[in-house]
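Every number in this text was worked out from the coordinates using simple rules, so none of it is lab data. Fair warning: this is a prediction, and the values are worked out from it, not measured in the lab. Note: ideal-geometry Cβ built from the backbone for every residue, glycine included; neighbour counts use all protein chains shown.
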2 protein chains.
Amino acid sequence: MSGSVTVVGLGPGDEALITPEVSAALAQATDIIGYIPYVARIAPRPGLRLHPSDNRVEIDRSEHALRLAQEGACVVVVSSGDPGVFAMAAAVLEAVEHGDPGWRDLDIRVLPGITAMLAAAAACGAPLGHDFCAINLSDNMKPWALIEKRLRLAAEADFAMAFYNPRSKSRPEGFGKALATLQAACGDDRPMIFARNVSRPDQSIRIVPLSAATAEMADMRTVVLLGSSQTRIIPRDGAPLVYTPRSVAG
Amino acid sequence: MSGSVTVVGLGPGDEALITPEVSAALAQATDIIGYIPYVARIAPRPGLRLHPSDNRVEIDRSEHALRLAQEGACVVVVSSGDPGVFAMAAAVLEAVEHGDPGWRDLDIRVLPGITAMLAAAAACGAPLGHDFCAINLSDNMKPWALIEKRLRLAAEADFAMAFYNPRSKSRPEGFGKALATLQAACGDDRPMIFARNVSRPDQSIRIVPLSAATAEMADMRTVVLLGSSQTRIIPRDGAPLVYTPRSVAG
């Protein structure tokens, strides 16, 4: 008997952002595997085994999921956001490629979710309404020089940008360097959006001109968005609306 | 009495990809506004007015929504995918910025959805598992030279890429030009994924080396993904899995 591994996205936090497809997968699971705070979002029930694990053990966690599936379990690996965006789907597939050849025969599926940048964008309007890029600012798994290069090229391409993992206790310096690069490369005062705990009760959205952005405005619970040169702010009595127009003049 | 405009994403097609948040907004609506095929996805019910409209009238449609809300209606503007990604949210905000100043006082919200590129990525693994960009290949609203520039810079940045609106009857030439640019700029045979009718019963996923990609492989129902230089294919008995690893060697 052969089981399955389904990698699902729980969205940024609000239960109302979990797709029915993901809820159905969770309801059929025998085993839930994931980072401690994401597994904590799953309601216990008889017959469901919860396997929370610590951060930075993504490959161990993936191999655990694949071994359980090989024994016949119906395993769901939980990510926040979308599992394919800086989350568990790539880790599980890395484990498949380099692991037991039998794992390739398992039923392996990835179910999309609401990724943080899109929830953050929606919360302030449509700042990613035109061409954009998504960059993970952690240099745990790539050289900092590559991050810098991508920031400069993204500015030259005039993409709107979304930044994941801007800052952590173990990497206090990177985001400040990234801001300096962006401030030099963009050469204007387009809006930067700091979206913390998006979709949760304590969500905060802070919109500042790029020149006024500082490293302390972000932490690991923040996704950061930066407009393109075309991005607009609509002032009003409540929170302003930010959007990037669909058209660029010829 | 003042109403509301809620811009929602219906996802790529499968009802199981509509978030409960969006379903709740639809259940409270008095008026649904959108492109004909998207409004056709909404079940009629007593008290709900449906206002389908043709393609390429995004600003008219947005102004209609805002006027109805000003009269007290609870309007939901429906997009496919995520409304903030090449969809209706930016159009509504353009209308707000340039229209009746009173519209700024309305309750305007954007609710995220599953955008096509993330559903397409999930359907074949995790090709957007590392830094990536999203580019709309239609030159209806921006100069073709800007698209070419962004393609070259995205290749230089070694982003994985997602392409929306690759090809239409009115623009038969553009995608062929884009492919030629990418083939020259990338200089390798990374995988390109043609995902048509993602999440629908007739979904098709075709994976080809970039050198073998041709313009005829895409139409307006296709979202196209291109790996980075790091993207891997895992062959197996069933459909192969494609993913972009989380790490890049220093």
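Could you work out how far helix A:58-70 tilts from the main Cα principal axis of chain A, as a 0 to 90 degree angle to the nearest 10? Helix A:58-70 sits roughly 30 degrees off the main axis of chain A.
The spacing between the range A:188-250 and the range B:146-204, judged by their C-alpha centroids, is 28 Å. Put in order of Cβ neighbour count within 10 Å, fewest first, the listed residues A:38, B:243 become A:38, B:243.
Let me know the charge dipole size of the range A:4-114 about its Cα centre in debye, to the nearest 20, where only the beta-carbon of Lys, Arg (+1) and Asp, Glu (-1) is charged.
260
Scanning chain B for the Cβ atom closest to the axis that brings B onto A yields residue and whole-Å distance B:133, 2. With the helix formula -39500 (n - 2.57) applied to DSSP H stretches of n ≥ 4, the protein assembly as shown reaches a computed 222 nm mean residue ellipticity of -8500 deg cm²/dmol. At a Cβ-Cβ separation cutoff of 4.7 angstrom, cysteine residues of the protein assembly as shown with no neighbouring cysteine are A:74, A:124, A:186, B:74, B:124, B:186.
Contact order, relative form, for the range B:4-114: 43 percent (alpha carbon pairs under 8 Å, 6 or more residues apart, mean separation divided by residue count). Rounded if a/c is under 1.5, else prolate if a/b is larger than b/c, else oblate: which is the range A:4-114, with a ≥ b ≥ c the root eigenvalues of its Cα gyration tensor? Prolate.
When the Cα positions of B:7, A:48, A:230 are compared along the charge dipole of the protein assembly as shown, A:230 comes out farthest toward the positive end, with charges on each C-beta of Lys, Arg, Asp and Glu. Find the relative contact order for chain A and round it to a whole percent, using C-alpha pairs within less than 8 Å whose residues are 6+ positions apart. Rounded, it is 20 percent for chain A.
Take every DSSP beta bridge whose two residues both sit in the range B:4-114; close to 5 percent of them are antiparallel. With a simple spin-label model that places each label point 7 Å from the Cα along the Cα-to-Cβ direction, the separation between residue A:204 and residue B:212 comes to 5.3 nm.
Placing a label point 7 Å from the Cα of residue A:208 along the Cα-to-Cβ direction, the distances to the matching points in the other copies come to 4.8 nm, shortest first. By the rule of a C-alpha distance below 14 Å, with chain neighbours fewer than 8 residues away ignored, the aspartates and glutamates paired with residue B:142 are A:131, A:158. Here the Karplus curve 6.51 cos²θ - 1.76 cosθ + 1.60, taken at θ = phi - 60°, turns the phi angles of the range B:160-169 into couplings of 5, 9, 10, 10, 9, 6, x, 6, 9, 4 Hz, with x standing for Gly and Pro.
Using the per-residue mean of other Cβ atoms lying within 10 Å as a proxy for protection, in what order, highest first, do the peptides B:99-106, A:3-10, B:6-13, A:177-184 fall? Walk me through the numbers before you get to the answer.
Values: B:99-106: 15.0, A:3-10: 26.2, B:6-13: 27.8, A:177-184: 17.8.
Per-residue mean Cβ counts within 10 Å order the peptides as B:6-13, A:3-10, A:177-184, B:99-106.
Selection among B:165, A:62, B:154 by position relative to the dipole of the protein assembly as shown gives B:154 as farthest towards the positive end (Cβ unit charges, Cα centre). Rounded to the nearest 20 debye, the dipole size of the range A:117-243 about its Cα centre is 300 debye, using +1 on the Cβ of Lys and Arg and -1 on the Cβ of Asp and Glu.
First check a/c for the range B:117-243, with a ≥ b ≥ c the square roots of the eigenvalues of its C-alpha gyration tensor; if it is under 1.5, answer rounded, and if not, answer prolate when a/b is larger than b/c or oblate otherwise. Oblate shape, in that a/c is at least 1.5 and b/c is the bigger or equal ratio.
Among residues other than residue B:99 whose Cβ falls under 14 Å from its Cβ, what is the net charge (Lys/Arg +1, Asp/Glu -1)? Residues close to residue B:99 contribute a combined charge of -2. Distances between placed amide hydrogens fall under 5 Å for residue A:126 paired with A:242, A:243, A:244, all partners being 5 or more residues away or on another chain.
With a 10 Å cut-off around each Cβ of B:105-118, the average count of Cβ atoms from other chains is 6. Shortest first, residue B:72 label-point distances to identical copies amount to 6.3 nm, with the label point at 7 Å from Cα along Cα→Cβ. Working from Cα positions, state the angle (0 to 90°, nearest 10) between the long axis of helix B:174-186 and the longest principal axis of chain B. That works out to roughly 40 degrees. Could you work out how far helix A:144-156 tilts from the main Cα principal axis of chain A, as a 0 to 90 degree angle to the nearest 10? Helix A:144-156 sits at roughly 50 degrees to that axis. Each residue of the range B:228-233 was assigned a 3J(HN,Hα) from its phi angle through the Karplus curve 6.51 cos²θ - 1.76 cosθ + 1.60 (θ = phi - 60°); the sequence is 8, 5, 8, 5, 10, 10 Hz, with glycine and proline shown as x. Counting every other Cβ atom within 10 Å of each residue's Cβ, A:168, A:199 order from fewest to most as A:168, A:199. Counting other Cβ atoms within 10 Å as a rough exposure proxy, the listed residues A:237, B:189 run A:237, B:189 from fewest neighbours to most.
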